[in-house]
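Here's the structure we're looking at; comments come further down.
The values are calculated or read from the model by the stated rules, or taken from the named source; none is laboratory data. No experiment lies behind these values; they were computed from the predicted model shown. For neighbour counting, all protein chains shown are included, and Cβ atoms are generated from backbone atoms with ideal geometry for every residue, glycine included. Accessible surface is based on the protein model in full, side chains and every heavy atom, while ligands, DNA and RNA are left aside. Shrake-Rupley method; radii C 1.70, N 1.55, O 1.52, S 1.80 Å.
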Amino acid sequence: MESNTIELTIEGGKTFTATLVDNSSTQALKEQLAKGDITVKMEDYANMEKVGSLGLHLPRNDRQTTTGPGDLILYQGHNFVIYYDTNSWNFTRLGKIDNATQAELKAALGKGDVKVTLSLK
């Protein structure tokens, strides 16, 4: 599990690559992904993010964080969040989607609920 890269496949076929930060949260996530892909049913929240339960708890490394488009966040140890706008809160940073604009993320994630599958790259 040397790679710090994962793929996020959005329901409907759009795939993004993301680079993970190095912390105990991402190590645990990669260990889970080594066992198989994780699909997260995500809901829109506050017109700035998509959020959904991972179905498991990961170690938390919370600190005050200001997010931007493409940031991947762990919230409360079990919620996976993809930001497409800014927010500031006490979160665990997981990584960032590579080379994706805010407009591209909004178009891919849509306006309602969406399923996102996480896999090791």
### Inter-part distance where the stretch 44-68 and the stretch 89-103 are each reduced to a Cα centre, Å
10 Å
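Per residue, what accessible area does the stretch 13-89 have, given a 1.4 Å probe and all protein chains present, in Å²? Kindly include the intermediate steps, with their values, before the conclusion.
Details: 3690 Å² over 77 residues.
Dividing the accessible area of the stretch 13-89 by its residue count gives 48 Å².
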#### Entry: Carbon/sulfur fraction of accessible area - the chain, other protein chains in place, 1.4 Å, %
45 percent
### Message
So for the stretch 1-119, if I pair up every lysine 8 or more residues apart or on another chain, how many of those pairs have alpha-carbons under 24 Å apart?
### Response
27
### Note, ³J(HN,Hα) from phi for the stretch 84-97, Karplus 6.51, -1.76, 1.60, rounded to Hz, x at Gly and Pro
10, 8, 9, 7, 9, 6, 8, 10, 9, 6, 9, x, 8, 5
### Query
With labels modelled as points extended 7 Å from the Cα through the Cβ direction, what inter-label distance (nm, one decimal) is found for residue 11 paired with residue 79?
1.9 nm
### Mean separation of Cα contacts under 8 Å (6+ apart) over length of the stretch 33-121, as relative contact order %
36 percent
### Task
Obtain the nm distance between the two label points defined at residue 102 and residue 45 by a simple spin-label model: each point lies 7 Å from its Cα along the Cα-to-C-beta direction.
2.0 nm
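Distances over 18 Å make up what percent of all Cα-Cα pairs in the chain? Can you show the working numbers first?
Details: 3185 of 7260 pairs.
Beyond 18 Å sits 44 percent of the P(r) for the chain.
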### Karplus-derived HN-Hα couplings along the stretch 58-73 (A = 6.51, B = -1.76, C = 1.60, θ = phi - 60°), whole Hz, x at Gly and Pro
10, x, 9, 10, 5, 7, 4, 9, 9, 8, x, x, x, 5, 9, 10
### Query
Could you give me the ³J(HN,Hα) list for the stretch 18-27, computed from phi with Karplus coefficients 6.51, -1.76, 1.60 and θ = phi - 60°, whole Hz, x at Gly and Pro?
10, 9, 8, 7, 9, 8, 5, 5, 6, 4
